[in-house]
Amino acid sequence: MLEGWEVKSLREGKVQLNDSYVLIRNGEAWLANCLITALKTASTHIVPQAQRDRKLLLNRKELSTLIGAVDRKGYTLIPLDMYWKNGRAKIQIALAKGKQMHDKRATEKDRDWQREKARIFKNH
């Protein structure tokens with residue numbers, strides 16, 4: 001659930017869903033690693049925690065579907081988009097499968113090559 005300053009920040013678009021994911025803990029869904037930056041006009045008597053875990057309000061049918069999907073090995077839930085509907089903040093959640101080991105190695109090889117290429121062009 002969101003605090004007041006978080007809702008105001010969301011309305012201003014001060015949210016980053018990069019690297020965030022959804023955890024299932026004790027039969028509840030939690031949004032982890034989501035960065036909500038406090039506004040400059042936020043109250044000084046509160047200490048805003050920008051990256052705390054936030055509980056997602058889901059109905060029982062949605063939650064059981066997500067729990068069944070995540071129980072399979074290699075799958076995780078990631079937030080794709082945040083939008084407003086009837087004055088409430090909503091998050092679109094997707095089921096994603098992690099990369100296999102050979103895919104990770106190929107990505108790492110490409111990243112190393114791009115880094116080496118940038119280093120070569122920088123010197124010339």
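Would you check if there is a residue in segment 95-113 being under 26 Å from residue 6 (Cβ atoms) and touching a strand residue (DSSP E or B) at 6+ places or on another chain (Cβ under 7 Å)?
yes
Would you confirm, using the coordinates I've provided, whether residue 67 is at pLDDT 85 or above and surrounded by 12 or more Cβ atoms within 10 Å (Cβ to Cβ)?
Yes.
Please note which strands (runs of 3 or more DSSP E) are completely contained in segment 30-124 and include at least 2 residues that are touching a helix residue (DSSP H, G or I) at 6+ places or on another chain (Cβ under 7 Å).
75-85, 88-97
Is it fair to say residue 8 is touching a helix residue (DSSP H, G or I) at 6+ places or on another chain (Cβ under 9 Å), of a type in the set (Lys, Arg) and modelled with pLDDT under 85?
no
Exactly one of these conditions fails for residue 84: (1) surrounded by 14 or more Cβ atoms within 10 Å (Cβ to Cβ); (2) modelled with pLDDT of 85 or more. Give me its number.
Among (1) surrounded by 14 or more Cβ atoms within 10 Å (Cβ to Cβ); (2) modelled with pLDDT of 85 or more, the lone unmet condition for residue 84 is (1).
With the condition kept exactly as written, say whether any residue in segment 44-52 is modelled with pLDDT under 90 and either among the basic types (Lys, Arg) or within 23 Å of residue 27 (Cα to Cα) (or both).
Yes - at least one qualifying residue is present in segment 44-52.
The values are calculated or read from the model by the stated rules, or taken from the named source; none is laboratory data. All values reported here derive from a predicted model rather than from experimental measurement. All Cβ positions, even for glycine, are placed from backbone atoms using ideal geometry, and neighbour counts span all protein chains on display.
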